[in-house]
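The next block holds one structure in the form of structure tokens; read it before the comments.
The values are calculated or read from the model by the stated rules, or taken from the named source; none is laboratory data. All of these numbers come straight from a predicted model, not from anything done at the bench. Note that we place each Cβ from the backbone using ideal geometry, even for glycine, and neighbour counts take in every protein chain shown.
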Amino acid sequence: MSENRTTIDAEKFAFHVLNTIHFRESSDYERQLKDRLTVFLMAKYLIDDFNDLENQNFNIHENNDQTLSKLGFDSLLKRIESLNKY
């Protein structure tokens, strides 16, 4: 199962996001830097959270030796609801 796990390099992803977003040019350099830093950190933390969820939900040992396909409907629904909290 672990060979199918998706892991994203959070820092590379955040730099890629910075390079793809067009920021409004301004003479307020401090504001520009804060905007870029905010975007970078948001992207990095988003991917860090994704990687943590990936590790928690697809690690058989952490799931008490139950794969997601073996969970009952109610258990699976609860698992999905817990993932949808942002």
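A compact table of results
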{"item": "Test: Leu33 is exposed (fewer than 12 other Cβ atoms within 10 Å of the Cβ) and in a helix (DSSP H, G or I)", "result": "yes"}
{"item": "Residues located in region 1-58, provided they are among the charged types (D, E, K, R), more than 30 Å from Leu76 (Cβ to Cβ) and out of contact with any helix residue (DSSP H, G or I) (no Cβ under 7 Å at 6 or more places or on another chain)", "result": "Lys12, Arg24, Glu25, Asp28, Glu30, Arg31, Lys34, Asp35"}
{"item": "Index of the failed condition, His61 passing every other in (1) modelled with pLDDT under 70; (2) assigned to a helix (DSSP H, G or I)", "result": "(2)"}
{"item": "Filter result for the condition that a residue is modelled with pLDDT under 90 and within 19 Å of the chain's Cα centre (by Cα), over Gln66, Gln56", "result": "Gln56"}
{"item": "Condition check for Asp48: of a type in the set (Asp, Glu), closer than 27 Å to Ser82 by Cβ and either surrounded by 13 or more Cβ atoms within 10 Å (Cβ to Cβ) or touching a residue at least 60 places away in the same chain (Cβ under 8 Å) (or both)", "result": "yes"}
